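**Q** Sharing a structure below in structure tokens format, with a few things to ask.
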Amino acid sequence: RLGGIMATSRPPPSQKLNPLAAAKGQKLTCELTGKPATIVVSYFGVPYNYSDRPTLELDWNGIKSKIAQLLVPLRQPPSVIPSVEERERQEANVRKSKLALIDLCRMEATKFLVHGDFELSIPGAVQALRFSLDVYGAGKIELVPCYLLLAEANLGLGRHKQAEEYLSLANWSILKNPDCSNRTKSQLYRNFGKLYASQGKHEEALRQLANDVYFSSLQVGPEHIETAGGYYYLATVFYLQHRLDCALAMCDKVVDVWFKHVSALLDPRHIRPGQEPPEPLGESQLMDGLQTLTKIVALREESMGPDHITTGEALYTVSLVYWYAKDNQRALQLMEKAYLIYYYELGEASPRTQELVRSLLAAGGTVPDAASLLPPPQQEGLEEAGGGDAEPGAPAMG
């Protein structure tokens with residue numbers, strides 16, 4: 001399947017917390033949730049309090065197993081240093097450590113998020129936010145990425161109230177810092193759009209997603225895969241409104257953008273004169289692209305038919321992404337299905353069919369003998385190819 005990171009490590013044993021051990025007036029709160037703590041665990045000699053064992057294990061598997069040792073010098077009381085110069089040097093080192101941990105925690109949270117492990121993404125995002133507040137202070141624009149991670153994780157878990165709270169905090173920071181990047185504004189509007197769509201506020205969702213596409217276009221251009229994410233979420237809202245023509249038009253745009261991008265990555269001859277070479281795809285972009293295109297295939301199969309040329313185009317595009325990801329087996333399965341559709345819909349001599357044939361051969365496949373086959377059967381293209389668990393119907397918002 002496309003998502004799911006199985007966390008198998010277990011944290012050290014915990015002990016019941018003795019409330020009498022706390023200093024007078026001190027509240028023992030959970031490391032992750034801020035709720036009253038009932039247990040304590042020690043990582044590398046540093047105690048951490050939690051509300052219960054499941055929360056401890058969530059924090060451990062989400063982030064603490066990766067950073068517990070790095071936190072040791074930050075959790076210890078600062079040593080008494082008489083020299084001002086040495087104190088400044090120590091503070092600079094602490095700041096540098098926290099900045100590195102912010103990057104690491106956000107990276108781990110993002111990794112879980114793109115794999116659909118929303119619960120596991122929260123500990124890293126919470127830890128990154130905590131360090132960001134220490135380093136930058138409240139209301140700063142540097143906090144926004146953490147707020148957006150937490151908002152998206154809570155959206156994935158269906159916790160709309162918490163998601164809206166984090167988006168409001170992000171919006172407040174952006175309003176205080178109007179010179180922030182267009183990419184940050186785009187991400188904020190996209191998450192607001194997803195929130196309103198999940199709440200059934202479709203017109204407001206469309207307005208927010210239109211802003212997402214606008215600011216993303218200013219940042220990277222309207223033909224970029226980052227902007228294509230906004231087109232896809234617009235498609236999902238149009239579908240929910242039963243505006244199928246608009247939904248399919250947005251899907252056409254997504255497929256076109258992804259096809260051009262990944263084709264140029266696989267074969268530089270697809271780069272037009274004067275065009276900048278496309279940026280390589282990172283893991284999160286690959287996962288996002290595969291999930292989005294898989295859902296578009298399912299939508300086109302349902303609305304246009306499994307043998308329609310637009311279904312074949314989507315199959316071909318997602319096969320190229322799998323090929324770029326070096327999953328040649330799955331890529332070839334999808335290319336062969338796309339070829340049969342191209343063969344019957346466009347003809348063997350069509351330049352587009354011949355282009356698909358070249359891709360098929362370059363990926364190590366063989367051209368199916370379509371002439372000896374009956375017209376392509378009614379089949380679920382991606383299910384037989386093992387291309388994910390997308391279901392027909394409205395594309396999911398996540």
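**Q** Considering only region 36-59, I want to know if a residue exists there that is among the charged types (D, E, K, R), touching a residue at least 60 places away in the same chain (Cβ under 8 Å) and not in a loop (DSSP other than H, G, I, E, B). Full working, then the answer.
**A** Residues of region 36-59 among the charged types (D, E, K, R): 52-53, 57, 59.
The next check asks that each one be touching a residue at least 60 places away in the same chain (Cβ under 8 Å); those that pass are 59.
Remaining after also requiring not in a loop (DSSP other than H, G, I, E, B): 59.
The answer is yes, given that some residue of region 36-59 is among the charged types (D, E, K, R), touching a residue at least 60 places away in the same chain (Cβ under 8 Å) and not in a loop (DSSP other than H, G, I, E, B).
**Q** Please count how many residues of region 235-275 are within 22 Å of Glu302 (Cα to Cα) and open to solvent by 20 Å² or more (accessible area, probe 1.4 Å).
**A** 16
**Q** Output the qualifying pairs, or none if there are none: Cβ atoms under 8 angstrom, residues six or more apart or on different chains, first residue in region 284-308 and under 18 Å from Tyr231 (Cα atoms) and at pLDDT 95 or above, second residue polar (S, T, N, Q) and open to solvent by 20 Å² or more (accessible area, probe 1.4 Å).
**A** Pairs that qualify, where the first residue is under 18 Å from Tyr231 (Cα atoms) and at pLDDT 95 or above and the partner is polar (S, T, N, Q) and open to solvent by 20 Å² or more (accessible area, probe 1.4 Å), are Arg300/Thr310.
**Q** Taking Gly200, is it closer than 24 Å to Ile309 by Cβ and either in contact (Cβ under 8 Å) with a residue 60 or more places away in the chain or out of contact with any helix residue (DSSP H, G or I) (no Cβ under 7 Å at 6 or more places or on another chain) (or both)? Reasoning before the result, please.
**A** Details: closer than 24 Å to Ile309 by Cβ: no; either in contact (Cβ under 8 Å) with a residue 60 or more places away in the chain or out of contact with any helix residue (DSSP H, G or I) (no Cβ under 7 Å at 6 or more places or on another chain) (or both): yes.
Against the criterion (closer than 24 Å to Ile309 by Cβ and either in contact (Cβ under 8 Å) with a residue 60 or more places away in the chain or out of contact with any helix residue (DSSP H, G or I) (no Cβ under 7 Å at 6 or more places or on another chain) (or both)), Gly200 does not qualify.
**Q** Among the residues of region 182-217, write down those that are outside any helix (DSSP H, G or I) and either of a type in the set (D, E, K, R) or under 19 Å from the mean Cα position of the chain (by Cα) (or both). Quick ask: steps written out before the conclusion?
**A** Step one: list which residues in region 182-217 are outside any helix (DSSP H, G or I), which gives 199-201.
Within region 182-217, Lys201 is the sole residue that qualifies.
**Q** Can you pull out every residue in region 85-103 that is modelled with pLDDT of 90 or more and either within 16 Å of the chain's Cα centre (by Cα) or charged (D, E, K, R) (or both)?
**A** Residues satisfying the conditions are Arg95, Lys96, Lys98, Asp103.
**Q** So, one more: Can you confirm whether region 338-347 contains a residue that is in contact with a His (Cβ under 8 Å, 6 or more places away or on another chain) and crowded, with 22+ Cβ neighbours inside 10 Å? If you could, list the steps in order and put the result at the bottom.
**A** So in region 338-347, the residues in contact with a His (Cβ under 8 Å, 6 or more places away or on another chain) come out as 341, 345.
After this cut, where a residue has to be crowded, with 22+ Cβ neighbours inside 10 Å as well, the list is 341.
For region 338-347, residues in contact with a His (Cβ under 8 Å, 6 or more places away or on another chain) and crowded, with 22+ Cβ neighbours inside 10 Å: present.
**Q** Search region 231-256 for residues being charged (D, E, K, R) and without any contact (Cβ under 8 Å) to a residue 40 or more places away in the chain, and hand back the single one that is farthest from Val321 (Cα to Cα).
**A** Going residue by residue through region 231-256, those that are charged (D, E, K, R) are 243, 245, 252-253, 256.
With the extra rule that they be without any contact (Cβ under 8 Å) to a residue 40 or more places away in the chain, the set shrinks to 243, 245, 253, 256.
Working: Arg243: 28, Asp245: 26, Lys253: 16, Asp256: 13 Å.
Only one residue fits best here, namely Arg243.
**Q** Would you mention how many residues in region 119-141 are crowded, with 17+ Cβ neighbours inside 10 Å, without any contact (Cβ under 8 Å) to a residue 60 or more places away in the chain and not aliphatic (A, V, I, L, M)?
**A** Residues in region 119-141 being crowded, with 17+ Cβ neighbours inside 10 Å, without any contact (Cβ under 8 Å) to a residue 60 or more places away in the chain and not aliphatic (A, V, I, L, M): 3 in total.
**Q** Considering only residues that are polar (S, T, N, Q) and open to solvent by less than 20 Å² (accessible area, probe 1.4 Å), look in region 276-315 and name the one that is farthest from Glu348 (Cα to Cα).
**A** Of region 276-315, the ones polar (S, T, N, Q) are 284-285, 291-292, 294, 303, 310-311.
Checking the rest, the ones that are also open to solvent by less than 20 Å² (accessible area, probe 1.4 Å) come to 292, 294, 311.
On the way: Thr292: 29, Thr294: 26, Thr311: 17 Å.
Out of the qualifying residues, it is Thr292.
**Q** If you go through region 277-293 one residue at a time, do you hit one that is within 24 Å of Gln354 (Cβ to Cβ) and under 17 Å from the mean Cα position of the chain (by Cα)?
**A** Restricting attention to region 277-293, the residues satisfying the condition of being within 24 Å of Gln354 (Cβ to Cβ) are 278, 293.
Within this subset, residues satisfying the condition of being under 17 Å from the mean Cα position of the chain (by Cα) are 293.
Yes; the residues of region 277-293 include at least one that is within 24 Å of Gln354 (Cβ to Cβ) and under 17 Å from the mean Cα position of the chain (by Cα).
**Q** Something else now. Only one of Arg75, Arg53, Arg87 is farther than 29 Å from Asp117 by Cβ and surrounded by 12 or more Cβ atoms within 10 Å (Cβ to Cβ). Can you tell me which? Steps first, please.
**A** On the way: Arg75 fails: farther than 29 Å from Asp117 by Cβ; Arg53 fails: farther than 29 Å from Asp117 by Cβ.
Unique residue meeting the criteria: Arg87.
**Q** Can you give me the number of residues within region 239-285 that are in contact with a Gly (Cβ under 8 Å, 6 or more places away or on another chain) and small (Gly, Ala, Ser)?
**A** 0
**Q** Taking Ser350 as the residue in question, decide whether it is open to solvent by less than 70 Å² (accessible area, probe 1.4 Å), among the polar types (S, T, N, Q) and either more than 17 Å from Tyr322 (Cα to Cα) or at pLDDT 50 or above (or both). Walk me through it before giving the result.
**A** Details: open to solvent by less than 70 Å² (accessible area, probe 1.4 Å): yes; among the polar types (S, T, N, Q): yes; either more than 17 Å from Tyr322 (Cα to Cα) or at pLDDT 50 or above (or both): yes.
It is true that Ser350 is open to solvent by less than 70 Å² (accessible area, probe 1.4 Å), among the polar types (S, T, N, Q) and either more than 17 Å from Tyr322 (Cα to Cα) or at pLDDT 50 or above (or both).
Conditions tested, residue by residue: (1) of a type outside the set (A, V, I, L, M, F, W, C); (2) without any contact (Cβ under 8 Å) to a residue 24 or more places away in the chain.
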| position | (1), (2) |
| --- | --- |
| Gln162 | yes, yes |
| Leu169 | no, no |
| Ser186 | yes, no |
| Gly193 | yes, no |
| Gln219 | yes, no |
| Pro222 | yes, yes |
| Gly229 | yes, no |
| Trp258 | no, no |
| Val262 | no, no |
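**Q** While we're looking at this one, here's another question. Filter region 166-204 down to the residues that are among the polar types (S, T, N, Q) and over 18 Å from Tyr231 (Cβ atoms), then identify the one that is surrounded by the most Cβ atoms within 10 Å (Cβ to Cβ). Can you show your working first?
**A** Quick first cut of region 166-204, residues among the polar types (S, T, N, Q) only: 168, 171, 173, 177, 181-182, 184, 186-187, 191, 198-199.
Checking the rest, the ones that are also over 18 Å from Tyr231 (Cβ atoms) come to 168, 171, 173, 177, 181, 184, 198-199.
On the way: Ser168: 13, Asn171: 17, Ser173: 21, Asn177: 14, Ser181: 14, Thr184: 19, Ser198: 18, Gln199: 13.
If we take residues in region 166-204 being among the polar types (S, T, N, Q) and over 18 Å from Tyr231 (Cβ atoms), then Ser173 is surrounded by the most Cβ atoms within 10 Å (Cβ to Cβ).
The values are calculated or read from the model by the stated rules, or taken from the named source; none is laboratory data. Computed from a predicted model, the values in this text were never measured in an experiment. In this analysis, Cβ positions are derived from the backbone assuming ideal geometry, glycine residues included, and neighbour counts consider all displayed protein chains. Ligands, DNA and RNA are stripped out before the accessible areas are found, and what is left, the full protein with its side chains, is counted by its heavy atoms. Shrake-Rupley method; radii C 1.70, N 1.55, O 1.52, S 1.80 Å.
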